[in-house]
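Please read the structure below before turning to the comments.
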Amino acid sequence: MDIYGVSLSPFFERCIIVADLKGGLGQLSLKGVGGGAMHSPEHMMHNPLGKIPYLDIGTDQMLPEGQVMAEFINEKLDGPDLVSDQPETAALQRLICRIVDLHIIEPILTMNRGAKGEERDACLASAHLGLDRFEHFFHPGTRAVGDDWSIADCALIPLVFHYLRATKSTDFSAWPKLEAWWNAVKDEAPVKESMERMQQSLDAIIAMRKAAAAQAKM
């Protein structure tokens, strides 16, 4: 399967973590951004939503939206199921993903895009409010839901990367359940490898922007 995007996107990286935990990372072909740039004609032809990630599922149609893609990859690849067959557990796994997507990640991404002053303060307050509300629903074991990896972990790992990048802080003491989960998983291979992928993606983007700026001055 061809997957388009970059690991700095938390929604793209979520899909990569799913494939990794399934033991099927080699079955994904990483294609970067279609046409080489967001909103390029090729990119917009593949995904008129104008976003990454998107996935070629072999039906002459691209599948967008990270969580939809993550669940498709989970169902498509062999390996451990990352969505429980117990409805209550599966609902909690999906709820964590939903809260991350709707109430936490966007203000953090806005901070990382360069928000300053009052805008940054508002984003940080919004992210913290989202984390406060998230903490109410979060009851982890050694993993995000119980003791097995699930799509919930796949959503939380990129969230932590971007939060650490935005705040330069590793202090999660305001959210004891999140802190306990992070301490339980942060040294596990899938987490460390994901963090490395996202950092490498960030470094590549920074280098590309510097090169473009230098070229513009010539």
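The values are calculated or read from the model by the stated rules, or taken from the named source; none is laboratory data. Computed from a prediction, not measured in an experiment: that's the story for all the values here. Note that we place each Cβ from the backbone using ideal geometry, even for glycine, and neighbour counts take in every protein chain shown.
Only residues in region 7-35 that are more than 13 Å from Ile73 (Cβ to Cβ) count as the first member; pair them with residues that are acidic (Asp, Glu) and in a loop (DSSP other than H, G, I, E, B), Cβ under 7 angstrom, at least 6 apart or cross-chain, and list the lot.
none
Does Ala144 satisfy the condition of being hydrophobic (A, V, I, L, M, F, W, C) and surrounded by fewer than 17 Cβ atoms within 10 Å (Cβ to Cβ)?
So Ala144 fails the test.
What pairs come out if I take residues in region 111-136 that are among the hydrophobic types (A, V, I, L, M, F, W, C) and pair them with residues that are not in a helix (DSSP H, G or I) whose C-beta lies under 6 Å away, six or more apart or interchain?
From region 111-136, the pairs are Cys123/Ala115; Leu131/Trp175.
Could you list all residues from region 150-174 that are more than 11 Å from the chain's Cα centre (by Cα) and among the hydrophobic types (A, V, I, L, M, F, W, C)?
Scanning region 150-174 gives Leu164, Ala166, Phe172, Ala174.
Please work out if Gln199 is outside the structural domain of Ile104 (by TED's automatic domain parsing), farther than 28 Å from Gln93 by Cα and either among the polar types (S, T, N, Q) or outside any helix (DSSP H, G or I) (or both).
Considered against the rule, which asks whether it is outside the structural domain of Ile104 (by TED's automatic domain parsing), farther than 28 Å from Gln93 by Cα and either among the polar types (S, T, N, Q) or outside any helix (DSSP H, G or I) (or both), Gln199 comes out as no.
Name the pairs whose Cβ atoms lie under 9 Å apart, with the first residue in region 165-186 and polar (S, T, N, Q), the second surrounded by fewer than 17 Cβ atoms within 10 Å (Cβ to Cβ) and assigned to a helix (DSSP H, G or I), and 6 or more positions between them or separate chains?
Within 9 Å, the pairs are Thr170/Leu164; Ser173/Glu179.
Considering only residues that are among the charged types (D, E, K, R) and surrounded by 10 or more Cβ atoms within 10 Å (Cβ to Cβ), look in region 198-218 and name the one that is nearest to Leu164 (Cα to Cα).
Only one residue fits best here, namely Asp203.
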